[in-house]
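> Quick one: this structure, given as structure tokens, is what I'll be asking you about.
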Amino acid sequence: MHAALERALVELVHGPPLGPAELAKLAERHALDAESRAGLAAELEQWLVYRTLVRNTLKNALALAIPRTLARLGALFDESFERFLAERGPRTHYLRDVTSELLDFVAPLWRADARVPPWSLDLARHEALEIVVASLADPPAAHELGALDVERGLRFVEAARVVRYDYAVHRLPDSTADRSTPAREPTALFVYRDGEHDVRYLELTPLAADLLEQLLAGVSLKTALVEAAARHAEEPARVLPSVAELLADLAARGALLGAAPDALASRATKLDDAAIGREKGPP
Amino acid sequence: MTPSATAARRSLPNGVGLGLRWEFLEEVLDGPPLDVAFFEVSPENYMRRGGYYPAALERVGQRYPLVTHGLTLSIGGQAPPDTEYVNELKDEVARLASPWHSDHLAVTSSAGRALHELFPLGFTHDTARRVADRLDALADTLGRPVAVENITYYARPAPRELTEEEFLAELFARTRAGLLLDVNNVFVNAKNHGFDARAALAAFPLERVVEVHVAGHTRLASGLLLDTHGAPIAPEVLELLGYALERTGPVPVLLERDNDVPPLATLCAEVRAVRAVCERAWQAESATQESHARSA
């Protein structure tokens with residue numbers, strides 16, 4: 001197949017629907033030779049079968065990943081999907097990753113479109129998270145993990161993330177028939193895959209979310225604690241017991257594995273003496 | 001240089017295998033041993049990911065032979081196959097100890113876009129040369145033989161220099177790769193494009209067949225047949241399978257079922273029906289060989 005015909009067929013399949021009149025324009029745009037033009041026109045109906053096949057495959061993958069978003073948005077979602085196909089199209093070999101590509105594309109469109117409920121993107125991202133976290137890479141070969149040490153970072157399971165939403169979409173019922181509206185409420189969740197390969201969600205306080213984001217980024221426990229406490233106008237020593245409780249819970253769940261090996265510890269931010277002094281103060 | 005696919009053919013049992021689907025994965029893992037010669041898997045479903053499915057597949061591999069069959073190589077596109085994908089594929093087929101790796105004679109990506117469907121390639125001399133070179137390079141990269149499957153095509157891109165049979169003859173004269181013969185695809189193409197399936201199949205380079213696929217199809221109201229892998233195998237396709245196997249001799253045969261997947265017991269019953277066709281065909285082929293030997 002010539003390069004021009006290959007490009008024209010992609011546009012025919014991914015682009016807006018077209019009839020014989022638009023077909024001539026498509027052939028013109030791609031500078032198709034006479035044989036290719038004649039072949040396309042003669043078998044247009046058969047070529048259009050590929051439009052249906054491609055849409056069925058992608059829609060099935062999306063319905064698996066974000067069923068409630070599809071059900072709630074209906075025709076609005078179809079409109080976004082068609083625009084995604086026409087203007088960007090999937091780039092990934094992996095069907096499970098098409099949802100993330102589509103959501104990245106539609107995010108600015110949905111934010112700017114008053115017809116799209118403002119919680120839609122949060123709901124879609126939350127639904128998509130299940131497959132994303134279920135598929136994240138397994139941990140590399142075991143490291144020498146030590147007991148928790150404030151001077152070092154922490155090692156979590158590889159499949160762990162902190163996510164944030166503007167709406168409490170995680171509290172919506174699982175049913176695709178549900179049409180209740182999520183509360184507008186800043187939300188942070190710790191999401192991880194447990195030892196049984198199940199994806200688990202923990203709702204976080206704002207301070208815990210900041211702390212875990214820092215820890216997942218590889219900074220030392222001391223730095224994460226001091227910076228998260230400062231952001232919420234708290235004394236590190238005052239929040240230390242609840243932080244210890246959180247970390248113990250994550251360890252019991254198998255999400256927190258222990259102290260990071262030395263290589264990661266070296267990435268920890270150095271603290272000045274004043275900060276250390278604050279942390280050592282009385283509760 | 002990587003050995004040819006036909007030389008590696010004996011690495012997989014000459015029985016009837018089944019496409020592994022997540023719908024019955026746990027039954028395969030935890031149930032009693034199944035009368036299935038091997039399982040075939042799409043590596044894209046397991047590559048670049050952790051979690052349950054790759055771990056489960058490794059356990060399946062401890063109980064049954066596995067062979068990999070990809071979906072997104074795009075061997076016939078203008079752009080060469082994606083190097084990053086091929087390198088990851090190499091690791092995956094090695095992890096699964098697949099005796100060879102197969103994909104489709106198709107275009108599955110273009111201008112950076114992944115099509116997630118098998119688009120037909122043009123049957124031209126240029127395409128045959130390009131695909132042959134790419135297949136041999138792929139085998140060298142993967143470090144194991146490769147095979148390609150004849151696909152269903154609902155339309156045929158211009159220019160049409162060659163018939164499919166002529167194209168395959170030229171392609172396989174130029175490459176060490178094997179042919180993964182999909183009998184249902186030959187049948188569907190013959191019906192949709194109005195040619196004789198047996199005559200076309202007989203003109204395929206059957207001596208290069210390393211594996212055979214068989215599946216069900218769906219008839220649309222318009223009369224068009226779609227290769228859906230979503231129905232039991234049609235009786236005419238089973239007949240064509242027998243016809244093909246009388247000419248190939250014993251090879252691994254795979255039942256594909258990807259849509260409207262029935263219970264595993266139903267699929268195993270269909271595997272047995274396919275095996276009966278295989279055994280009859282191979283007995284006939286063996287008798288023909290003996291007769292030729294006597295007359296010689």
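> Return the residue satisfying two criteria in turn: it lies in segment A:58-69 and is among the aliphatic types (A, V, I, L, M) and either free of Cβ contacts under 8 Å to residues at least 24 places away in the same chain or facing chain B (nearest Cβ under 9 Å) (or both), and of such residues it is nearest to A:Leu172 (Cα to Cα). Give the steps one after another, and end with the answer.
Of segment A:58-69, the ones among the aliphatic types (A, V, I, L, M) are A:58, A:61-66.
Applying the additional criterion that residues be either free of Cβ contacts under 8 Å to residues at least 24 places away in the same chain or facing chain B (nearest Cβ under 9 Å) (or both) yields A:58, A:61, A:63.
On the way: A:Leu58: 25, A:Ala61: 22, A:Ala63: 17 Å.
Here the answer is A:Ala63.
> Right, here's the next one. For B:Arg130, are the conditions met, namely being within 14 Å of chain A (Cβ to nearest Cβ) and under 21 Å from A:Asp97 (Cβ atoms)?
Numbers: within 14 Å of chain A (Cβ to nearest Cβ): yes; under 21 Å from A:Asp97 (Cβ atoms): no.
Against the criterion (within 14 Å of chain A (Cβ to nearest Cβ) and under 21 Å from A:Asp97 (Cβ atoms)), B:Arg130 does not qualify.
> Within segment B:116-135, which residues are touching a strand residue (DSSP E or B) at 6+ places or on another chain (Cβ under 9 Å) and farther than 22 Å from A:Ala8 by Cα?
B:Leu135
> Related question: Among the numbered criteria (1) part of a strand (DSSP E or B); (2) under 22 Å from A:Val54 (Cα atoms); (3) under 19 Å from the mean Cα position of the chain (by Cα), which one does B:Ser109 miss?
Unmet for B:Ser109, out of (1) part of a strand (DSSP E or B); (2) under 22 Å from A:Val54 (Cα atoms); (3) under 19 Å from the mean Cα position of the chain (by Cα): (3).
> If you don't mind, another one. If I filter segment B:54-77 down to residues being within 13 Å of another protein chain (Cβ to nearest Cβ) and surrounded by fewer than 18 Cβ atoms within 10 Å (Cβ to Cβ), which single residue comes out as nearest to the chain's Cα centre (by Cα)?
Ranking the qualifying residues of segment B:54-77, first place goes to B:Glu58.
> Scan segment B:152-188 for residues that are away from chain A (no Cβ under 11 Å), outside any helix (DSSP H, G or I) and either hydroxyl-bearing (Ser, Thr, Tyr) or surrounded by fewer than 23 Cβ atoms within 10 Å (Cβ to Cβ) (or both) and jot them down.
Step one: filter segment B:152-188 for residues away from chain A (no Cβ under 11 Å), giving B:162-188.
Within this subset, residues satisfying the condition of being outside any helix (DSSP H, G or I) are B:162-163, B:175-182.
Across segment B:152-188, the qualifying residues are B:Leu162, B:Thr163, B:Thr175, B:Arg176.
> Do we have any residue at all in segment A:44-64 that's part of a loop (DSSP other than H, G, I, E, B) and either out of contact with any strand residue (DSSP E or B) (no Cβ under 9 Å at 6 or more places or on another chain) or modelled with pLDDT under 95 (or both)? Break it down into steps so the answer makes sense when it comes.
Step one: of segment A:44-64, the residues part of a loop (DSSP other than H, G, I, E, B) are none.
Within segment A:44-64, none of the residues are part of a loop (DSSP other than H, G, I, E, B) and either out of contact with any strand residue (DSSP E or B) (no Cβ under 9 Å at 6 or more places or on another chain) or modelled with pLDDT under 95 (or both).
> Let me spell it out: the conditions are (1) within 12 Å of another protein chain (Cβ to nearest Cβ); (2) surrounded by 18 or more Cβ atoms within 10 Å (Cβ to Cβ); (3) in contact with a helix residue (DSSP H, G or I) (Cβ under 9 Å, 6 or more places away or on another chain), and B:Ala111 meets all of them except one. Which number is the exception?
Among (1) within 12 Å of another protein chain (Cβ to nearest Cβ); (2) surrounded by 18 or more Cβ atoms within 10 Å (Cβ to Cβ); (3) in contact with a helix residue (DSSP H, G or I) (Cβ under 9 Å, 6 or more places away or on another chain), the lone unmet condition for B:Ala111 is (2).
> Evaluate segment A:40-57: report whether one residue or more is away from every other protein chain (no Cβ under 14 Å) and over 18 Å from the mean Cα position of the chain (by Cα). I'd like the intermediate steps shown before the answer.
To start, the set of residues in segment A:40-57 that are away from every other protein chain (no Cβ under 14 Å) comprises none.
Scanning segment A:40-57, I find no residue that is away from every other protein chain (no Cβ under 14 Å) and over 18 Å from the mean Cα position of the chain (by Cα), so the answer is no.
> Being among the acidic types (Asp, Glu), farther than 20 Å from A:Gly195 by Cβ and part of a helix (DSSP H, G or I) is the filter here; which residues of segment A:225-264 pass it? Even if it seems obvious, please write down each step before you answer.
Narrowing segment A:225-264 to residues among the acidic types (Asp, Glu): A:227, A:234-235, A:245, A:249, A:262.
Pick out the ones that are also farther than 20 Å from A:Gly195 by Cβ and you get A:227, A:234-235, A:245, A:262.
Across segment A:225-264, the qualifying residues are A:Glu227, A:Glu245, A:Asp262.
> Run down A:Ala24, A:Ala3 and say which single residue is more than 9 Å from chain B (Cβ to nearest Cβ) and among the aliphatic types (A, V, I, L, M). Write out each step before concluding.
On the way: A:Ala3 fails: more than 9 Å from chain B (Cβ to nearest Cβ).
From the options A:Ala24, A:Ala3, the qualifying one is A:Ala24.
> Residue check: is A:Leu76 crowded, with 20+ Cβ neighbours inside 10 Å and either at negative phi or more than 11 Å from every other protein chain (Cβ to nearest Cβ) (or both)?
Values: crowded, with 20+ Cβ neighbours inside 10 Å: no; either at negative phi or more than 11 Å from every other protein chain (Cβ to nearest Cβ) (or both): yes.
No; evaluated as a whole, the condition is false for this residue.
> I've got another one for you. In segment B:13-52, which residues are modelled with pLDDT under 95 and under 14 Å from B:Ser98 (Cα atoms)?
B:Pro13
> Let me ask something else. Among the residues of segment A:45-68, which ones are out of contact with any His (no Cβ under 6 Å at 6 or more places or on another chain) and of a type in the set (Ser, Thr, Tyr)?
Of everything in segment A:45-68, those that are out of contact with any His (no Cβ under 6 Å at 6 or more places or on another chain) and of a type in the set (Ser, Thr, Tyr) turn out to be A:Tyr50, A:Thr52.
> Something else about it: Of the conditions (1) farther than 30 Å from A:Thr52 by Cβ; (2) touching a residue at least 24 places away in the same chain (Cβ under 8 Å); (3) within 13 Å of chain A (Cβ to nearest Cβ), B:Trp22 fails just one. Which one is it?
(1)
> Additional query: I want to confirm something. Restricting to segment B:252-296 and keeping residues that are at pLDDT 90 or above and in a loop (DSSP other than H, G, I, E, B), which single residue is surrounded by the most Cβ atoms within 10 Å (Cβ to Cβ)?
That would be B:Pro252.
> Take B:Ser98 and tell me if it is more than 14 Å from B:Leu168 (Cα to Cα), away from chain A (no Cβ under 14 Å) and assigned to a strand (DSSP E or B). First the steps, then the outcome.
Working: more than 14 Å from B:Leu168 (Cα to Cα): yes; away from chain A (no Cβ under 14 Å): yes; assigned to a strand (DSSP E or B): no.
Considered against the rule, which asks whether it is more than 14 Å from B:Leu168 (Cα to Cα), away from chain A (no Cβ under 14 Å) and assigned to a strand (DSSP E or B), B:Ser98 comes out as no.
> Would you please name the residue that is nearest to B:Glu149 (Cα to Cα), looking only at residues in segment B:28-53 that are free of Cβ contacts under 8 Å to residues at least 40 places away in the same chain and in a helix (DSSP H, G or I)? I'd like the intermediate steps shown before the answer.
So the first thing to find is which residues in segment B:28-53 are free of Cβ contacts under 8 Å to residues at least 40 places away in the same chain, and the list is B:29-30, B:32-33, B:39, B:42, B:44-45, B:49-53.
Imposing the further condition that a residue be in a helix (DSSP H, G or I) reduces the set to B:29-30, B:44-45, B:52-53.
On the way: B:Leu29: 28, B:Asp30: 32, B:Glu44: 17, B:Asn45: 19, B:Tyr52: 29, B:Tyr53: 26 Å.
Looking at residues that are free of Cβ contacts under 8 Å to residues at least 40 places away in the same chain and in a helix (DSSP H, G or I), I get B:Glu44.
> Then there is this: Anything in segment A:20-54 that is within 18 Å of B:Leu224 (Cβ to Cβ), in contact (Cβ under 8 Å) with a residue 24 or more places away in the chain and charged (D, E, K, R)? List them, or say none.
A:Arg51
> May I pose another question? Any residue in segment A:84-100 that's in contact (Cβ under 8 Å) with a residue 60 or more places away in the chain and facing chain B (nearest Cβ under 7 Å): show its pairings with residues that are surrounded by 22 or more Cβ atoms within 10 Å (Cβ to Cβ) and in a helix (DSSP H, G or I) at Cβ separation under 7 Å, as long as the two are six or more apart or on different chains.
Taking only residues 6 or more apart or on different chains, the pairs are A:Gly89/A:His14.
> Here's something else I'd like to know. Whether any residue in segment B:198-212 is in contact with a His (Cβ under 9 Å, 6 or more places away or on another chain), away from chain A (no Cβ under 12 Å) and outside any loop (DSSP other than H, G, I, E, B) is what I want to check.
The first filter runs over segment B:198-212 and keeps only residues in contact with a His (Cβ under 9 Å, 6 or more places away or on another chain), leaving B:211.
Cutting the leftovers down to away from chain A (no Cβ under 12 Å) gives us B:211.
Filter once more, so that each one left must be outside any loop (DSSP other than H, G, I, E, B): B:211.
Yes, some residue in segment B:198-212 is in contact with a His (Cβ under 9 Å, 6 or more places away or on another chain), away from chain A (no Cβ under 12 Å) and outside any loop (DSSP other than H, G, I, E, B).
> A follow-up question, please. Taking only segment B:114-151 into account, find how many residues are of a type in the set (A, V, I, L, M), assigned to a loop (DSSP other than H, G, I, E, B) and buried (at least 24 other Cβ atoms within 10 Å of the Cβ). Reasoning before the result, please.
Here is the first cut: in segment B:114-151, the ones of a type in the set (A, V, I, L, M) are B:114-115, B:118, B:121, B:128, B:131-132, B:135, B:137-139, B:142, B:146-148, B:151.
Next, only the ones that are assigned to a loop (DSSP other than H, G, I, E, B) stay: B:121, B:151.
Going one step further and asking which of them are buried (at least 24 other Cβ atoms within 10 Å of the Cβ), we end up with B:121.
Result for segment B:114-151: 1.
> Still on this structure, please answer the following. Answer yes if at least one residue in segment A:103-120 is within 14 Å of another protein chain (Cβ to nearest Cβ) and not β-branched (Val, Ile, Thr), and no otherwise. Walk me through it before giving the result.
As a first pass, look at segment A:103-120 and keep what is within 14 Å of another protein chain (Cβ to nearest Cβ): A:105.
Now narrow it down to the ones that are not β-branched (Val, Ile, Thr): A:105.
Yes, that holds for at least one residue.
> Is segment A:11-34 home to any residue that is part of a loop (DSSP other than H, G, I, E, B), exposed (fewer than 14 other Cβ atoms within 10 Å of the Cβ) and either touching a Cys at 6+ places or on another chain (Cβ under 9 Å) or aliphatic (A, V, I, L, M) (or both)?
Taking every residue of segment A:11-34 in turn, at least one turns out to be part of a loop (DSSP other than H, G, I, E, B), exposed (fewer than 14 other Cβ atoms within 10 Å of the Cβ) and either touching a Cys at 6+ places or on another chain (Cβ under 9 Å) or aliphatic (A, V, I, L, M) (or both).
The values are calculated or read from the model by the stated rules, or taken from the named source; none is laboratory data. These numbers were taken from a predicted model, which means no experiment stands behind them. Using ideal geometry, Cβ is built from the backbone for each residue, glycine included, and neighbour counts are taken over all protein chains shown.
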